[in-house]
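Beneath this line is the structure, given in structure tokens, with notes to follow.
The values are calculated or read from the model by the stated rules, or taken from the named source; none is laboratory data. Computed from a predicted structure; not experimentally measured. Every residue, glycine among them, receives a Cβ derived from its backbone with ideal geometry; neighbour counts consider all protein chains shown.
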Amino acid sequence: MQSVIDTLKSGNSRERLAVVADILSILGVSLAAVVGGILTLSTSLRVANVIGAAISSLLSLAGAALVLVACLATSAWLSRKFAFNPLFRSLVHFSLWAVFASLFLLAAFIAYEFFSSVRFTQ
């Protein structure tokens, strides 16, 4: 991420254009995935469906980003705290990533339960 910011600050016009194009292509694919999901689940593209899907997508993205930041911050803190014992540090990192993976699976299960309980078609 730092390299992207550095490129936008001090890169030439060609590098800046490449970064902007990459970001826009990621956003376009994300938008297509949200709209495709709405059409798949509800068979109609109404404003309420689009807003609801956008809100749930953004909340999910924000939650995932917060959990990832917390996991990475904890990992960095543990690396500094347990730098003297590499085996213990490796085990702690493994357990931390296992907790992150279990939280991801729990979030996927909750999303599945939520979407399976909502009646999308009229």
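The figures follow:
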{"read-out": "Region 73-89: number of residues that are surrounded by 10 or more Cβ atoms within 10 Å (Cβ to Cβ) and among the charged types (D, E, K, R)", "value": "2"}
{"read-out": "Only listed residue being at pLDDT 75 or above, not acidic (Asp, Glu) and not in a helix (DSSP H, G or I), chosen from Ala83, Ala62, Ala76", "value": "Ala83"}
{"read-out": "Answer from Ser57, Ser3 - the residue that is modelled with pLDDT of 75 or more and either under 25 Å from Leu103 (Cα atoms) or not in a loop (DSSP other than H, G, I, E, B) (or both)", "value": "Ser3"}
